[in-house]
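Chemist: My questions all concern the structure below.
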Amino acid sequence: MKTFRDFIFEQIGRMRIVMLGGPGSGKSTYSKYLIDHFDITHIYPGGMLRKEVEKNSEIGKQVKAIIDRGEFVPNQIVLDLIKAQIEKSPKGYILDGWPRYMQQVEDMEKNDIGYDYAVFLDVSREEVLRRLLARGRADDTEEIINNRIDLYKKETGPVVEYMRKRPGFITVNSEQGTPEETANEIIKRIEDESK
């Protein structure tokens with residue numbers, strides 16, 4: 001008996017997902033369920049940059065120097081890492097928290113980085129504050145969290161609206177239920193759309 005994953009792989013050859021959502025919306029949490037279910041690669045640019053720094057690779061040294069100066073890592077470095085990872089992901093991938101702003105959407109399109117589904121995790125400001133304050137990290141003050149939410153809305157809001165108008169856009173309210181229940185809802189919505 002063929003699984004849905006086998007069917008998708010036969011039909012379209014791969015499953016490519018963009019995971020969108022603000023701070024504390026659960027992008028990485030739900031991505032873990034989806035990568036297991038669809039047997040695809042988790043592409044998390046922030047984590048990839050950290051790994052390069054830890055490995056002390058040439059890119060890692062560049063990235064560390066940039067971060068130490070308090071600057072943003074140039075798009076091209078992130079893009080090269082993403083493209084290298086995609087080449088090693090024949091079954092597909094989840095782009096976790098990327099693209100973050102419209103320049104990255106343009107980079108995506110120029111470099112033929114496609115996606116089949118964009119999953120938007122919709123969470124209220126109140127719930128984000130509750131979740132992030134509960135983590136108890138020193139840099140998670142109410143003011144800092146509010147600033148991060150505002151920055152996200154300004155930078156990533158246009159990306160969400162752009163993708164909303166394209167096929168494969170799925171909005172999921174990630175405030176109710178357990179992480180597993182929300183992940184199962186995302187999987188069901190993707191599988192329903194794929195039929």
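The values are calculated or read from the model by the stated rules, or taken from the named source; none is laboratory data. None of these values were measured; they are calculated from a predicted model. Cβ placement follows ideal geometry from the backbone for every residue including glycine, while neighbour counts extend to all protein chains displayed. Ligands, DNA and RNA are stripped out before the accessible areas are found, and what is left, the full protein with its side chains, is counted by its heavy atoms. Shrake-Rupley method; radii C 1.70, N 1.55, O 1.52, S 1.80 Å.
Chemist: I'd like the carbon and sulfur percentage of the solvent accessible area for the chain, probe radius 1.4 Å, heavy atoms only, ligands and nucleic acids excluded. Don't skip to the answer; put the middle values down first.
Modeler: Numbers: 5600 of 11120 Å².
C and S atoms contribute 50 percent here.
Chemist: Hey, another quick one. Over segment 26-131, what is the mean sequence separation of C-alpha contacts under 8 Å (at least six apart), divided by residue count, expressed as relative contact order in percent?
Modeler: 33 percent
Chemist: Could you check the simple spin-label distance between Arg164 and Ile67, using points 7 Å along Cα→Cβ, in nm with one decimal?
Modeler: About 3.3 nm, to one decimal.
Chemist: Where nothing but the Cβ of Lys and Arg (+1) and of Asp and Glu (-1) is charged, how large is the charge dipole of the chain around its Cα centre, in debye to the nearest 20? Walk me through the numbers before you get to the answer.
Modeler: On the way: 31 positive and 34 negative charges, 50 e Å.
With only Lys, Arg, Asp and Glu charged at Cβ, the dipole is about 240 debye.
Chemist: Calculated FRET efficiency, Asp192 and Glu127, Cβ-Cβ r, R0 25 Å, to nearest 0.05?
Modeler: Numbers: r = 26 Å, r/R0 = 1.02.
The value I calculate is 0.45.
Chemist: Hey, another quick one. Which order do the peptides 138-150, 43-55 come out in when sorted by mean C-beta neighbours inside 10 angstrom, highest first?
Modeler: On the way: 138-150: 12.8, 43-55: 17.0.
Ranking, from highest mean packing down: 43-55, 138-150.
Chemist: Determine, from the Cβ-Cβ distance of Gln76 and Asp39 and an R0 of 30 Å, the FRET efficiency 1/(1 + (r/R0)^6), rounded to the nearest 0.05. Before the final figure, lay out the partial values.
Modeler: Working: r = 30 Å, r/R0 = 1.00.
Plugging the Cβ-Cβ distance into 1/(1 + (r/R0)^6) gives 0.50.
Chemist: Assuming R0 = 35 Å, can you tell me the calculated FRET efficiency for the pair Glu109 and Lys32, based on Cβ-Cβ distance, to the nearest 0.05? Working shown, then result.
Modeler: Working: r = 27 Å, r/R0 = 0.78.
After rounding to 0.05, the efficiency reads 0.80.
Chemist: Put Arg69, Arg125, Arg166 in order of accessible area, largest first, 1.4 Å probe: what do you get?
Modeler: On the way: Arg69 145, Arg125 70, Arg166 100 Å².
Most to least solvent-accessible, the answer reads Arg69, Arg166, Arg125.
Chemist: Give me the 1.4 Å probe accessible area per residue for segment 118-195, excluding ligands and nucleic acids, in Å².
Modeler: Working: 4690 Å² over 78 residues.
Result: 60 Å² per residue.
Chemist: Here's a follow-up. Any idea what the relative contact order of the chain is, in percent, if you count C-alpha pairs under 8 Å spaced at least 6 apart?
Modeler: Working: 240 pairs, mean separation 60.3, N = 195.
31 percent.
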